[in-house]
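Have a look at the structure below before the remarks.
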Amino acid sequence: MRKFFILMLLLGSAIAAWANSSPITFGNSGGKIFLKGSSLSLSNATLTSFSGLGFNVKGILGTVAFTTGALSSGQLASRGAFAAGGPFLITSNGSAGLPHGILFSGSFSGPVNWTGSFTQGPNGGRWTYTLSGHIQGKFYNGLAATGATVEFSFDLAKGFQFGIGHPARENTGTTTMTSVPEPSSLAMLGSGLFVVSALAGRKYPIL
């Protein structure tokens, strides 16, 4: 009976560790963000780092692209918010031992914040913009992402503000999340443990 309880304790610890995995971080740079209808779209951004899921690599690893939902409040030139929705895709080129193809596929799960600030300087100064929000989706191995946050920074020189005809160049971007098994998988595992417990209880009754 003692062995059975030890086994259950070990299995429970494994489940807890599985559901609370280490952070997974993607870094990227380059590319441009531009207006696509009433949404923002990032293209040609390079995936430069990836840590998590057994990897910790840097280099020219792939691409990062997204499109937000429609503008819901504010204005593009200084401060605004975009609705949830819109695809978010991180793709690997197969280098540094990463699997070739889609590493993460998801969408924005809440409002996307867009904030601009102006810095005085030569040639009319510089506008810097920050995009931040939350995303949801799945990794290439089928695990779901939770607590996923994104933050990107962009800038425009010569005093231009972001808008039609004035796309912004990306400086850096960071996407941080953790992976968890699908709820259905945890439920199936829990059901299996319950059955094992019931069978073991019959074989080894508690006196």
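Other residues with beta-carbon under 13 Å from the beta-carbon of F34 carry, at +1 per Lys or Arg and -1 per Asp or Glu, a net charge of +2.
Here the 3J(HN,Hα) profile of region 132-148, calculated from phi with Karplus coefficients 6.51, -1.76 and 1.60 at θ = phi - 60°, is 9, x, 10, 10, 9, x, 9, 8, 4, 8, x, 6, 7, 9, 9, x, 7 Hz, Gly and Pro shown as x. Database remark: amide H of T172 closer than 5 angstrom to the amide H of S153 (H placed geometrically; neighbours at sequence offset of 5 or more, or on other chains; Pro and chain starts carry no H). Seen from N44, the other residues with C-beta closer than 10 Å to its C-beta sum to a net charge of 0, counting Lys and Arg as +1 and Asp and Glu as -1. Within region 22-197, the proportion of C-alpha pairs whose separation exceeds 23 Å stands at 44%. Dipole magnitude for region 22-197: computed about the Cα centre from +1 point charges on Lys and Arg Cβ and -1 point charges on Asp and Glu Cβ, it is near 380 debye.
Phi angles of region 49-65 translate, via the Karplus equation with coefficients 6.51, -1.76, 1.60 and θ = phi - 60°, into HN-Hα couplings of 7, 8, 10, x, 6, x, 10, 8, 10, 9, x, 8, 9, x, 9, 10, 8 Hz per residue; Gly and Pro are given as x.
For region 27-40, the Karplus equation 6.51 cos²θ - 1.76 cosθ + 1.60, evaluated at θ = phi - 60°, returns couplings of x, 8, 7, x, x, 9, 10, 9, 7, 10, x, 10, 10, 9 Hz by residue, with Gly and Pro reported as x.
Every number in this text was worked out from the coordinates using simple rules, so none of it is lab data. Being a predicted model, the structure only gives us computed values, none of them experimental. Quick reminder, even Gly has a Cβ in these numbers, built from the backbone with ideal geometry, and neighbours come from all protein chains shown.
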